[in-house]
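See below for the structure under consideration.
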Amino acid sequence: MRNIIVIDGTSNAGKTTLCEYIKRNIANIATIPGANIFAKMHQEKYPQNPLIPISIEEEKENQKFFFMVELDRLIEANKIAKQGKDVVMDGSVLEILSVAYSFESIKGWNGIYKNSRELYEKFIAYASKMGICLPNKYIWLQANYEEIKRRNKLRQKERGQLLSEDNWIEANLINKQIEFFKRMSVPENSDKIYLVDTNNMTKYEVSESVCDLLKLKKHDKERDDD
């Protein structure tokens, strides 16, 4: 059984960019796309991704949906890891928890974080019962609000999109997600959860730093010149 590694962190912190770099440049590794993309790839089971919730009831339904997707993603990761490849997952159940933690404060949805924690405990119990291994390494990418806003504008320009600052870009949301990580980074998690502060770092520097941290071996000839 090989490693199952999660790339997680604050919204728009560069998780997908890092996963794409790893996919291009690291030997003997597989990547599993984020929950939204994964669900779209399996439309027979997930015909429609939920919208951004506007009520506590919608958020509870979203949590159920994404925990199901995360279970399928983890099952897929286990299959690949058992075949002898390291696996990198773009996001994890921690993302569901961090959003719930943020929404409870920002939107005043009392109890929504507790609801996500209860679903999380069921998730863990089911995985244990079925012999599904949990990820053994977590990378948490973190950047402050101003840096994330700057990157988002740059990315939208590169893609020719209309500029928008409301695509999961909100100071309170980012700050609450950072606060959530502090709650997760207790001593008993120090051997598996690593913080990478990406402020003042280029995409390449972030990628190199994480690969060094995880001791990931590159292809004989590096193919990414970004």
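Is there a residue being assigned to a helix (DSSP H, G or I) and under 15 Å from the mean Cα position of the chain (by Cα) anywhere in region 135-153?
Checked region 135-153: no residue is assigned to a helix (DSSP H, G or I) and under 15 Å from the mean Cα position of the chain (by Cα).
For ILE148, all conditions in the list (1) surrounded by 14 or more Cβ atoms within 10 Å (Cβ to Cβ); (2) at pLDDT 85 or above hold save one; what is the number of the exception?
Here ILE148 meets the rest and fails (2).
Considering only region 104-119, state which residues are under 15 Å from ILE54 (Cβ atoms) and of a type in the set (Phe, Trp, Tyr).
Within region 104-119, just TRP109 meets the criteria.
Report, by residue number, each residue of region 77-111 that is over 18 Å from GLU179 (Cα atoms) and touching a helix residue (DSSP H, G or I) at 6+ places or on another chain (Cβ under 8 Å).
VAL87, VAL88, MET89, ASP90
Tell me yes or no: at least one residue of region 80-88 is assigned to a helix (DSSP H, G or I) and free of Cβ contacts under 8 Å to residues at least 12 places away in the same chain.
No.
For GLN43, indicate whether it is polar (S, T, N, Q) and at pLDDT 95 or above.
No, not satisfied.
Just to verify a result, which residue in region 89-110, among those that are part of a helix (DSSP H, G or I) and hydrophobic (A, V, I, L, M, F, W, C), is surrounded by the fewest Cβ atoms within 10 Å (Cβ to Cβ)?
Here the answer is ILE106.
Failed condition for TYR113, given (1) outside any helix (DSSP H, G or I); (2) under 16 Å from VAL99 (Cβ atoms); (3) of a type outside the set (A, V, I, L, M, F, W, C); (4) modelled with pLDDT of 90 or more, with all others met?
Unmet for TYR113, out of (1) outside any helix (DSSP H, G or I); (2) under 16 Å from VAL99 (Cβ atoms); (3) of a type outside the set (A, V, I, L, M, F, W, C); (4) modelled with pLDDT of 90 or more: (1).
Listed residues ILE7, ILE22; which is assigned to a strand (DSSP E or B) and either of a type in the set (Phe, Trp, Tyr) or touching a residue at least 60 places away in the same chain (Cβ under 8 Å) (or both)?
Only one candidate qualifies: ILE7.
In region 1-49, which residues are of a type in the set (Gly, Ala, Ser), buried (at least 18 other Cβ atoms within 10 Å of the Cβ) and farther than 18 Å from GLU95 by Cβ?
The one that is of a type in the set (Gly, Ala, Ser), buried (at least 18 other Cβ atoms within 10 Å of the Cβ) and farther than 18 Å from GLU95 by Cβ: ALA30.
Only one of (1) surrounded by 16 or more Cβ atoms within 10 Å (Cβ to Cβ); (2) closer than 26 Å to ARG150 by Cβ; (3) polar (S, T, N, Q) fails for ASN62. Which number is that?
(2)
What are the pairs with Cβ atoms under 7 angstrom where one residue, in region 157-178, is part of a helix (DSSP H, G or I) and modelled with pLDDT of 55 or more and the other, located anywhere, is surrounded by 12 or more Cβ atoms within 10 Å (Cβ to Cβ) and among the β-branched types (Val, Ile, Thr)? Sequence gap at least six, or different chains.
ASN172/ILE106; LEU173/ILE106; ILE174/THR10; ILE174/ILE148; LYS176/ILE106; GLN177/THR10; ILE178/THR10
The values are calculated or read from the model by the stated rules, or taken from the named source; none is laboratory data. Since the model is a prediction, treat every value here as computed from it, not as a measurement. Heads up, the Cβs are rebuilt from the backbone with ideal geometry, glycines too, and the neighbour counts pull from every protein chain shown.
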